[in-house]
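Worksheet: one structure, shown below.
The values are calculated or read from the model by the stated rules, or taken from the named source; none is laboratory data. What you are looking at is a predicted structure, and each value in this text was computed from that prediction instead of being measured. Cβ: placed from backbone, ideal geometry, glycine included. Neighbour counts: every protein chain shown.
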Amino acid sequence: MEHHRKRPHLLRTDMADRSAARATQRAHRSGDVVLIRQGVYMPRGEWEALEETGRHLARARAVAPELEEGTGFSHVTAALALGWPLIGPAPERVHVIDDRRTTTVHRAGLVRHAGPLPAVDPVRLDGVPVTAPVPTAVALIVSAPVHVAAVAVDAAVRARVIEPSRLAEELPLGPARGSARAQLVLSALDERHESPGESFTAIRLVEIGAPATIPQHEFVLPDGRRDRVDFWLPSRGVVVEFDGKQKYRDPTMIGTSDPAEVLWREKVREDRIRSRPEVRAVIRVTWWHLVEPDRLRALFRAHGVRL
């Protein structure tokens, strides 16, 4: 997977150079730079241009010189360093695992998790180890909201850097704490999911109790052509499509086609699918429906499908 390696321009106040430190502090007072950690600043324009992931990783780089041997980036920080997607805002605190700690310690801008440093990825962030994909996935699954963990880990499954069966060996088993959460996430992982939106849909379907789904199911037309759908629920005769904007706007998906033409072709395709005798309903899901499981349940009910 692509790792986030672009280095931010960090300005550190070195009290050994009081003149430079005072200049940086003046720039902060004037609003030209942003304080991202005690004694560490970034140019305002560069900071404001960053998305959530970039800001979190900038904070991780800011804290890197403070970390001792035997400490590595972990949990959500490791996931972002590995290039996994994150649903929702990135935390302001950087997460590390520290083999000198016996309990987890929360400090300003930093969470130190207790425990030995597990296997690490070849990538390092400013020289600091990053936990490898499997231990990163385990840490996310037992600590993050279910949907956040599932979307992030599913990206690693899609990229084939994690094998679900191998991951299952490392997760807690019932009745251990976190085992129920782990089983929910595992049941939603599938390398056939083609985007974070489909991964998000998959875990929400599991959470609301949807029956078994088949990702990327193909309906074969009489002339041999195939209509592929994001999810097929054969026991209910329901097709579920994740309706992200990129389907109609992303040049890599629509090529040189006019968006209006793409929309028309999609309507014709959906009409073909609806006309099949085994299809009872086609349900289009957007990000809005996925934010709250109850919204997705209500959408199913609106189509006459009770779960």
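So which residues in region 27-52 are crowded, with 18+ Cβ neighbours inside 10 Å, closer than 25 Å to Gly88 by Cβ and not hydrophobic (A, V, I, L, M, F, W, C)?
Result: Arg37, single match.
Could you list, in sequence order, all residues of region 235-244 that are over 27 Å from the mean Cα position of the chain (by Cα), surrounded by 14 or more Cβ atoms within 10 Å (Cβ to Cβ) and either free of Cβ contacts under 8 Å to residues at least 40 places away in the same chain or at negative phi (or both)?
Passing the criteria: only Arg236.
Can you list the helices (runs of 4 or more DSSP H) found entirely within region 111-208 that contain at least 3 residues being crowded, with 22+ Cβ neighbours inside 10 Å and touching a residue at least 40 places away in the same chain (Cβ under 8 Å)?
133-143, 146-158, 196-207
Is there a residue in region 70-93 that is over 21 Å from the mean Cα position of the chain (by Cα) and either farther than 30 Å from Arg22 by Cα or not aliphatic (A, V, I, L, M) (or both)?
Yes, the conditions are met somewhere in region 70-93.
Looking at (1) modelled with pLDDT under 95; (2) among the hydroxyl-bearing types (Ser, Thr, Tyr); (3) within 29 Å of Ser195 (Cβ to Cβ), which is the one condition that is false for Thr77?
(1)
Which of the residues that make up region 296-307 are buried (at least 16 other Cβ atoms within 10 Å of the Cβ) and within 26 Å of the chain's Cα centre (by Cα)?
The answer is Leu296, Arg297, Leu299, Phe300.
Would you confirm, using the coordinates I've provided, whether Ala114 is over 15 Å from His56 (Cβ atoms) and touching a Lys or Arg at 6+ places or on another chain (Cβ under 6 Å)?
So Ala114 passes the test.
Restricting to region 209-227, and then to whatever is at pLDDT 95 or above and among the aliphatic types (A, V, I, L, M), can you tell me which residue is surrounded by the fewest Cβ atoms within 10 Å (Cβ to Cβ)?
Once the filter is applied, the top-ranked residue is Ile214.
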